[in-house]
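**Q** My questions all concern the structure below.
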Amino acid sequence: MRGSISQGETSMVMTVAETAPRTLDGLPAELLLDMYYAMLRARRLDERCWLLHRQGKIAFHISGMGHEAAQIGIAFAMRRGEDHFLPYYRDLAMVLACGLTSLDVMLGVFGKKDDPSSGGRQMPEHFSLRSKNIYSVSSPVATQVPQAAGVALAEKLKGGDRVAVTCLGEGSTNQGDFHEALTWAGVHQLPLIVVVENNGYAISVPMVQEMAILHVSDRAGAYGVRGVTVDGLDPIATYKAAKESIDIARAGRGATLFEVRVVRLTPHSSDDDDTTYRSKEDKVTLKASDPLPKFREHLMQAGILTDQQDTEFGAKAMAEVDYAHQTAEAAPYPDVEWGAGPVYAP
Amino acid sequence: MSEKTLIEAIREAMDEELARNSEVFITGEDVGPRGGVFRATLGLFAKYGPTRIIDSPLAELSIVAVGIGAAMNGLRPICEIQFADFIQPAYNQIVNEAARIYYRTGGTFTVPMVIRAPYGGGIGGGLYHSQSIEATYSHVPGLKVVIPSNPYDAKGLLKSAIRDNNPVLFLEAKKGYRLIKGEVPEGDYTVPIGPANVTREGTDLTVYAYGMMHFYCQQAAEEVGKEGISVELVDLRTLNPLDKDTVLNSFKKTGKALIVYEDNRFLGYGAEIAAILADEGFNYMDAPIMRLAGPDVPGVPYSHPLQDWFMPGPKKIADAMRKLAAY
């Protein structure tokens with residue numbers, strides 16, 4: 001993403017970089033700025049989708065706002081585009097980091113012919129991109145988790161060194177699919193990271209009514225896999241923990257149940273109204289937990305990010321979102337024959 | 001060429017495909033050293049080892065789901081469900097996932113996998129070791145459903161299923177595993193998924209069947225043939241996608257149709273055959289379309305006389321043939 005900065009801007013960045021610290025919390029400034037931009041861009045794209053829904057231009061949107069720090073921390077610890085990624089519908093920031101473009105996402109949101117996830121067959125946020133090993137999102141929750149175990153098993157049988165990363169919400173961990181997947185992961189010591197993006201709500205049901213434990217990762221011991229809980233509002237902490245888990249998996253030393261504590265800043269989806277189950281006070285607390293301004297502050301205080309650079313990042317993200325939105329809106333719909341198939345592979 | 005049983009032919013197909021393609025592996029309950037509860041994988045663990053023949057946890061959902069994942073990552077799993085009755089925990093993975101992934105990704109992901117399951121009654125298996133599940137799964141676009149009726153087809157169709165780039169539900173008549181015998185060539189050959197097979201030429205009526213019921217229909221057709229009733233027998237072999245041309249061509253010739261299946265009668269596979277004949281074969285119809293099927297009760301009861309009451313067999317089929325011929 002930074003390769004597209006124009007010549008004049010590049011020299012400006014270099015000037016800043018000469019005086020700016022090169023590392024923060026043990027991570028290079030370059031990486032941290034990339035992570036920050038990836039979070040920012042995902043947020044702007046997400047916000048645009050909400051806007052399009054409220055304008056009546058799209059039928060549906062489901063959001064990842066509040067999950068970006070966790071998703072970007074994990075994505076940047078992967079070999080992005082090579083490691084297998086089986087996302088769920090909140091993983092906008094993560095699929096963008098792994099290879100879908102903003103335009104790809106918008107083509108899907110508008111149901112257009114060139115949507116690379118499904119050619120307009122699936123609802124928005126049901127991502128996939130074969131060329132980057134981003135597998136297909138389904139609406140029934142947790143189905144991707146035992147499939148990820150199968151992807152990881154195949155990788156092990158083939159003697160490959162790619163890991164499989166899959167994500168789901170904490171509510172979905174109550175599905176049998178999750179239990180069976182972790183059983184395989186433990187028995188076969190699979191190169192698998194099962195990421196639970198725990199935002200405390202299964203649509204409207206709070207965690208206390210979802211499970212009688214405090215941490216989803218407490219379940220790991222029952223399957224013989226590692227269990228980790230990380231502050232998913234902190235992209236640096238998430239990155240480091242994810243890197244360790246992925247390294248362990250890649251070295252053939254087994255799977256990790258990787259819980260990230262995040263916040264869901266929005267209703268469940270465009271069709272939900274969370275004022276029926278979250279108070280005004282809760283929403284204020286939520287907003288204070290937003291990982292994006294927190295990370296911005298952290299980088300600025302350390303002198304990694306300047307006001308000017310942040311403004312430029314913001315403008316760049318908006319330009320990318322504008323382009324994606326306008327291009328996708330003007331793009332052609334699929335021919336109706338596309339609805340009829342093909343149903344079977346040749 | 002030598003005579004083999006249905007299950008020997010199935011084992012031979014898997015053995016040859018495992019040898020032919022390192023992408024093929026088998027998983028399921030007890031498929032390893034035990035060789036499967038019906039012995040379909042007997043000897044394969046010793047020959048191919050634990051990375052090709054993988055005993056699964058006792059969990060059908062993930063036998064299928066792990067297969068889906070492995071298939072998307074370049075392998076060709078053969079997933080064994082111990083009895084068709086136990087496949088339902090995997091229904092969501094088969095129907096919402098395996099069957100839909102090719103379509104929902106615009107053809108960028110394929111799921112080349114086989115799900116093998118023994119089906120059918122008549123073996124004292126009661127409600128939960130006797131079920132026929134083909135109608136439920138044939139309803140699902142994106143899934144292929146195959147049921148061989150003899151060892152030659154079983155070997156050739158299973159090889160085709162393993163090489164197919166789509167999920168294939170391969171149902172095996174457990175009653176016929178050792179009862180149905182036939183000539184099976186040594187070495188490689190395939191029978192294509194899709195075409196039905198006219199296994200007996202006749203002029204008075206057409207009988208449509210598959211799997212175990214096809215075996216019984218052959219016996220019944222022989223029996224009524226002695227009385228001068230000429231039965232044409234169509235072995236459907238592939239239930240989805242269906243070979244409509246062969247179905248209709250036979251009906252055009254005889255004008256009378258009997259569909260035999262052991263699944264529950266109501267909305268069973270025969271209902272679709274009957275509907276196709278009514279829609280597209282009305283001008284050739286000489287008699288009401290008949291179905292002989294299992295009764296609409298929740299399962300095949302265990303006790304011997306009750307099981308006999310439930311199951312269609314050669315005698316009931318011969319009676320139905322006589323009735324239709326006389327119309």
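The values are calculated or read from the model by the stated rules, or taken from the named source; none is laboratory data. None of the values given here were measured: they were computed from a predicted structure. Backbone-built Cβ (ideal geometry, glycine too); neighbour counts: all protein chains shown. Only protein heavy atoms, including side chains, enter the accessible area calculation; ligands, DNA and RNA are left aside. Shrake-Rupley method; radii C 1.70, N 1.55, O 1.52, S 1.80 Å.
**Q** Taking square-rooted eigenvalues a ≥ b ≥ c of the alpha carbon gyration tensor, is region B:184-327 rounded, prolate or oblate, where a/c under 1.5 means rounded and, failing that, a/b exceeding b/c means prolate?
**A** Verdict is rounded for region B:184-327.
**Q** Per residue, how much space in cubic angstrom lies within the convex hull of the C-alpha atoms of chain B?
**A** Spread over its residues, the Cα hull of chain B gives 126 Å³ apiece.
**Q** Could I ask something else about it? Beyond 37 Å, what share of the Cα-Cα pairs of the protein assembly as shown is found? Please give it as a whole percent.
**A** Every Cα pair in the protein assembly as shown considered, those over 37 Å come to 45 percent.
**Q** What helices does chain A have that are whole DSSP H segments, at least 20 Å long along their own axis by Cα, and with mean Kyte-Doolittle hydropathy of -1.0 or more?
**A** Values: long enough: A:29-54 (38 Å, -0.19); A:144-158 (21 Å, 0.19); A:235-250 (21 Å, -0.19); A:307-330 (34 Å, -0.92).
Result, helices passing both filters: A:29-54, A:144-158, A:235-250, A:307-330.
**Q** Then there is this: Under a crude label model (7 Å from the Cα following the beta-carbon direction), how far is A:T276 from A:A212 in nanometres?
**A** Taking the two extended label points, one gets 2.9 nm.
**Q** In 5 Å bins starting at zero, report the fraction of Cα pairs in region B:252-327 per bin as a rounded %.
**A** Cα pair-distance distribution for region B:252-327, in percent: 3, 16, 23, 21, 18, 10, 6, 3, 1.
**Q** Continuing with this model, one more query. GNM on chain B, C-alpha springs below 10 Å: top fluctuator among B:D85, B:D188, B:D15?
**A** B:D188
**Q** At most 13 other Cβ atoms within 10 Å and a DSSP loop assignment: could you name the chymotrypsin sites (Phe, Trp or Tyr not before Pro) in region B:233-277 that fit?
**A** The qualifying sites are B:F266.
**Q** Here's another thing I want to ask about it. Could you run the Karplus curve 6.51 cos²θ - 1.76 cosθ + 1.60 with θ = phi - 60° over region B:198-205 and give me ³J(HN,Hα) per residue in whole Hz, x for Gly and Pro?
**A** Going residue by residue, I get 7, 8, 8, 7, x, 10, 8, 7 Hz, with x marking Gly and Pro.
**Q** Using Cα atoms only, what is the angle between the long axis of helix B:151-163 and the major principal axis of chain B, expressed in degrees (0 to 90) to the nearest 10?
**A** That works out to roughly 50 degrees.
**Q** With θ taken as phi - 60° and the coefficients 6.51, -1.76 and 1.60, list the Karplus ³J(HN,Hα) couplings across region A:204-211 in order, rounded to whole Hz; mark glycine and proline as x.
**A** 3J(HN,Hα) across region A:204-211, in whole Hz: 10, 8, x, 4, 4, 9, 8, 7.
**Q** Quick one: if you stick a label point 7 Å off each Cα along the C-beta vector at B:L248 and B:S303, how many nm between them?
**A** 4.8
**Q** Using every alpha carbon pair in region A:193-257, what percent of pairs falls into each 5 Å bin from 0 up to the bin containing the largest distance?
**A** Final binned percentages: 3, 17, 23, 24, 18, 10, 4, 1.
**Q** Additional query: Beyond 26 Å between alpha-carbons counts as too far, so tell me which of B:K159/B:K315; B:K159/B:K181; B:K226/B:K253 fall in that bin.
**A** Flagged as over cut-off: B:K159/B:K315.
**Q** Given Cβ point charges of +1 (Lys, Arg) and -1 (Asp, Glu) and nothing else, what value in debye, to the nearest 20, does the dipole of region B:197-326 about its Cα centre take?
**A** On the way: 13 positive and 18 negative charges, 37 e Å.
That gives a dipole near 180 debye.
**Q** Determine, from the Cβ-Cβ distance of A:S204 and B:Y91 and an R0 of 25 Å, the FRET efficiency 1/(1 + (r/R0)^6), rounded to the nearest 0.05.
**A** 0.35
**Q** To the nearest 10 degrees, how steeply does helix B:211-225 sit against the main Cα axis of chain B, on a 0 to 90 scale?
**A** It is inclined by approximately 30 degrees.
**Q** Here is a further query. Using a 10 Å cut-off around each Cβ of peptide B:103-116, what is the average number of partner chain Cβ atoms that fall inside?
**A** 6
**Q** Sticking with this structure for a sec: Which longest run of chain B has no exposed loop site in it, a site being GluC sites (Glu not before Pro) in a DSSP loop with at most 14 other beta carbons within 10 Å, and the site itself not part of the run?
**A** B:1-185
**Q** Scale the Cα Rg of region B:2-184 by the rule-of-thumb value 2.2 N^0.38 Å and send over the ratio, two decimals.
**A** Scaled against compact globular proteins, the figure is 0.95.
**Q** Over region B:181-260, calculate the relative contact order: mean separation of alpha carbon pairs under 8 Å at least 6 apart, over the residue count, as a percent.
**A** Values: 127 pairs, mean separation 35.3, N = 80.
Relative contact order of region B:181-260: 44 percent.
**Q** Shifting gears a bit: Within the accessible area of the protein assembly as shown, what % is carbon and sulfur when the probe is 1.4 Å and the other protein chains stay in place?
**A** Reported share for carbon and sulfur atoms: 54 percent.
**Q** Now, a different point. Given a 1.4 Å probe and no ligands, DNA or RNA in the count, how much accessible surface is buried by A and B, both sides, to the nearest 100 Å²?
**A** On the way: alone 15070 and 13290 Å², together 25070 Å².
Interface area, both chains combined: 3300 Å², rounded to the nearest 100.
**Q** Continuing with the same structure: Per 20 Å bin from zero, what fraction in whole % of the C-alpha pairs of chain A is there, up to the bin with the longest pair?
**A** Distribution as computed: 30, 59, 11 percent.
**Q** Rounded to the nearest 10 degrees, what's the angle between the helix B:60-72 long axis and the longest principal axis of chain B, both from Cα atoms, 0 to 90?
**A** It is inclined by approximately 70 degrees.
**Q** Test of understanding: given chain A, find the longest segment containing no trypsin sites (Lys or Arg not before Pro) that are in a DSSP loop and have at most 15 other Cβ atoms within 10 Å. Show your work: numbers first, answer last.
**A** Working: sites that count: A:R22, A:K57, A:R79, A:K113, A:R253.
Maximal segment without exposed cleavage sites: A:114-252.
**Q** Further question on the same structure: Add +1 for every Lys or Arg and -1 for every Asp or Glu among the other residues with Cβ under 14 Å from the Cβ of B:L248, and state the total.
**A** Surrounding charge for B:L248 is -2.
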